[in-house]
1. Of the labelled options (1) 12.1; (2) 20.8; (3) 11.3, which one gives mean projected area of the Cα convex hull in nm² as computed for this structure?
2. Connecting C-alpha atoms closer than 10 Å in a GNM of the chain, tell me which of Arg144, Arg17, Arg133 has the biggest fluctuation.
3. Normalised by the number of residues in region 40-124, what is the relative contact order in percent for Cα pairs under 8 Å and 6+ residues apart?
4. Considering only protein heavy atoms, what per residue accessible area in square angstrom results for the chain with a 1.4 angstrom probe?
5. Residue by residue through region 37-51, what is 3J(HN,Hα) from phi via Karplus (6.51 cos²θ - 1.76 cosθ + 1.60, θ = phi - 60°)? Round to whole Hz and write x for glycine and proline.
6. Once phi is turned into θ = phi - 60°, what whole-Hz ³J(HN,Hα) does the Karplus curve with 6.51, -1.76 and 1.60 give for every residue of region 126-137, x standing for Gly and Pro?
7. Mind telling me which of Glu59, Glu155, Glu15 comes out most flexible in a GNM of the chain, alpha-carbon contacts under 10 Å?
8. Which lysines have a Cα lying under 25 Å from the Cα of Lys102, excluding residues fewer than 8 positions away in the same chain?
Amino acid sequence: LPADSARRVRQLLEEHRDTARARLDEYRPLLSGGDPGRGKAVFFGKAVACAACHRVGREGGDVGPDLTKVGAIRSGGDLLESVLVPSSTFAQGYEPYSVTTKDGDVLAGVLERQDKPDAEQIVLRDSAGANHRLRRQDVKRVTRSTVSVMPEGLERGMTKEEFRDLLAYLQSLK
């Protein structure tokens, strides 16, 4: 990259980090005082639809990581960051990928199965939970993405109290 372009990229990255930090600081007070029972209703409700992608116990989807014991392995701050800035880190096995076919179609999701490099197909699970089975001979490129399958802005679909309760629920899962 030319020096001006590289400088602009660094500036944009710094602005993004500052914005993310400010959002985390704004929502950090919600890490205490919530009601896990009401948070469970938020998690399994339709407004933000966490359970469409995440499983707790035997309920929920399998697009994202199983959260059954997430409160035992992740701090409240980690959980807050995962919801507010989902592209900041990825759970192992849930890294996002972009697959470009030889026809020019681009699919995004989590690699469900890639088998061996010489396998005949790869399976990509999209954000709706649908599996796309692609013959390797039809795939032009598989690229690791930096953007999570989990959308940003889920907190906007809740009141602050609902978000506080959701965080309490997630922290209670041990």
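1. (1)
2. Maximum among the listed residues: Arg17.
3. Details: 87 pairs, mean separation 11.2, N = 85.
Relative contact order of region 40-124: 13 percent.
4. Details: 10520 Å² over 174 residues.
In whole numbers, the chain has 60 Å² accessible per residue.
5. Result, rounded to whole Hz: x, 5, x, 4, 5, 5, 4, 8, x, 8, 4, 10, 6, 4, 6.
6. Per residue, the Karplus-derived 3J(HN,Hα) values read 8, 5, 8, x, 7, 8, 10, 8, 10, 5, 4, 5 Hz.
7. For the chain, modelled as a Gaussian network with Cα springs under 10 Å, the answer is Glu15.
8. Correct list for Lys102: Lys116, Lys140.
The values are calculated or read from the model by the stated rules, or taken from the named source; none is laboratory data. Fair warning: this is a prediction, and the values are worked out from it, not measured in the lab. Side chains included, ligands, DNA and RNA excluded: accessible areas come from the protein's heavy atoms. Shrake-Rupley method; radii C 1.70, N 1.55, O 1.52, S 1.80 Å.
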